[in-house]
Amino acid sequence: MRVLLYECFSGIAGDMNLGALIDLGVPENHLRESLAHLELCDQFKLIVSRSEKCGIAGTLASVKCEQSNAHRHLKDIRGLIESSALTSSVKSTSIQVFERLAEAEGKVHDISPNKVHFHEVGAVDAIVDIVGAAIGLDYLKPDHVACGPVELGSGMVKCEHGNFPVPAPATAELLVGKPTTRGRVSGEATTPTGAAILATIVDSFQYPTDFRVESLGYGLGHKDFETPNAVRLSLGNVDSPLENETNVEIECNIDDMSPEAFGPLYDRLFDAGALDVFITPIHMKKSRPAHRLSVLANSKTAQQLIELVLQSTTSLGVRTHAVAKYMLPREYRVLQTRFGSVNVKVGTLPDGSKRWKVEHDDVQTIAVKQKLDYLAARTQIDEDIRRELN
């Protein structure tokens, strides 16, 4: 399993992450060419250089804006990214990061995420940092992203409404439930942009075991701390008996659509490439009963499925986030039973033993033909398969 590991011993900011990705091996030209797809490409310059912090050499990335930064709402940033020629996976990851930021800012100020005025995080440099992070992740294509404890810093940070204790409110909200450390450095170590990137792309906040590092990268910050102001990225492999892949989960809450409409929707979504579709009963505001529609997709079909959900339901919007999926190695076989051949999915457990599942339609056909109830037919078929596999 290919793993990308973040070590934020001196915190993380958007530009530090960009520098680390370049230092790790993401080609600078690839990053520049991809960022040029943004409409605002003439409003900034990406400056990349080699430097050092406390004797540790790394890459220093800076985003210099050509004009004053405009304040933006979530819909403005989403529109800017969606209208670009970036790949669908880069668009999806970038928008997810900004949605996390909007949710955090909204919770801090007790307003809807759509009404959040992004201020600092809506500036051009933050857009470049976040889209650049998505470009780098898409280039490296790790199976799993891990991160150790995140250093937050100490002291006070200047926010729009005055000074506030480190971490900034949005940073604290974004890292709720995540392992953090404080006080290793004086000042703000982790910014809201850096926290939002981690909160979106990291699959597990723990160090991987049996991790074989293939390459390292250091992204440097612009501040001087008691420890090297840098974030370290490591790319390597972890042995795992499980197969894995990264999918996109598409969700929306629906409280005004006839349940009868979900049946045809299921068929359309699967026909369009959905890996899984399911409904969860929920209660929304004012105790309205509703359904949460969840659709699992790969990166190639995600955009098409998002459009299909919006077209075929009463929802006005969807949420997306990346999910890591781990699966037993499996194969599809045709096995013989006392009733004839059946299609079987066979999985191999980590200890080498087998687990299987017979195709439902085959069991149902045999049950009807043999005039057996479904469970009795399934029991006898499983007995025959167990003897054949063992």
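The alpha-carbon of Lys107 sits under 14 angstrom from the alpha-carbons of these aspartates and glutamates, leaving out residues fewer than 8 places away in its chain: Glu99, Glu173.
Compared with the alpha-carbon gap, the fully stretched path from Glu214 to Ser353 is longer by 46.8 nm at 0.36 nm per residue.
Based on Cα contacts under 8 Å between residues 6+ apart, the stretch 112-184 shows a relative contact order of 28 percent. Structure note, pairs Lys91/Lys286; Lys91/Lys223; Lys115/Lys285; Lys141/Lys300; Lys91/Lys285; Lys300/Lys345: Cα-Cα distances above 23 angstrom occur for Lys91/Lys286; Lys91/Lys223; Lys91/Lys285; Lys300/Lys345. Our note on the geometry: Cα centres of the stretch 287-344 and the stretch 1-71, 35 Å apart.
Model label sites at Cys159 and Lys371, defined 7 Å from Cα along the beta-carbon direction, differ in position by 7.5 nm.
Calculated on the alpha-carbon coordinates, the convex hull of the stretch 153-230 measures out at 119 cubic angstrom per residue. Largest GNM mean-square fluctuation across Thr348, Thr193, Thr181, computed for the chain with C-alpha springs under 10 Å, falls on Thr348. Between the listed residues Gln336, Leu349, Phe9, the Cα displaced farthest toward the positive end of the dipole of the chain, a dipole computed from Cβ unit charges relative to the Cα centre, is found at Gln336. With each label modelled as a point 7 angstrom along the Cα→C-beta vector, the Thr280-Thr314 pair spans 2.1 nm. Working note: Karplus 6.51/-1.76/1.60 with θ = phi - 60° gives the stretch 221-228 the couplings x, 9, 9, 10, 10, 5, 10, x Hz, where Gly and Pro are set to x. Rolling a 1.4 Å probe across the protein heavy atoms gives the chain an accessible surface of 49 Å² per residue. Taking amide H atoms as placed 1.01 Å from N in the peptide plane, the amide H of Thr337 lies under 5 Å from those of Val342, each 5 or more residues away in sequence or on another chain.
Considering the chain as a Gaussian network with a 10 Å cut-off on Cα pairs, which listed residue, Ser49, Ser34, Ser94, attains the greatest mean-square fluctuation? Comparing Ser49, Ser34, Ser94 in a Gaussian network model of the chain, the most mobile one is Ser49.
A simple charge model with +1 on the Cβ of Lys and Arg, -1 on the Cβ of Asp and Glu and nothing else charged puts the dipole of the chain at about 600 debye relative to its Cα centre. Seen from a random direction on average, the alpha-carbon convex hull of the stretch 70-132 projects onto 3.8 square nanometres. Below 20 Å, Cα to Cα, which aspartates and glutamates can Lys53 reach? Residues fewer than 8 away in the same chain don't count. Candidates past the 8-residue exclusion: Glu7, Asp15, Asp23, Glu151, Glu188, Asp224, Glu226. Averaging the sequence gap over all C-alpha pairs within less than 8 Å and six or more residues apart, then dividing by the number of residues, gives the chain a relative contact order of 19 percent.
With no solvent and one equal point scatterer per Cα, compute the Debye intensity ratio I(q)/I(0) for the chain at 0.07, 0.08, 0.12, 0.13 Å⁻¹ and report its log10, rounded to two decimals. Cα-only, vacuum Debye calculation for the chain: -0.41, -0.52, -1.00, -1.12.
Mean residue ellipticity at 222 nm, helices only, the chain: -10500 deg cm²/dmol; runs of at least 4 DSSP H residues each add -39,500 (n - 2.57), and the sum is divided by the number of residues.
The values are calculated or read from the model by the stated rules, or taken from the named source; none is laboratory data. Since the model is a prediction, treat every value here as computed from it, not as a measurement. Methodologically, a virtual Cβ is constructed for each residue, glycine included, from the backbone with ideal geometry; neighbour enumeration extends over all protein chains shown. The protein model used for the area step is the full one, side chains on, heavy atoms only, and it has no ligands, DNA or RNA in it. Shrake-Rupley method; radii C 1.70, N 1.55, O 1.52, S 1.80 Å.
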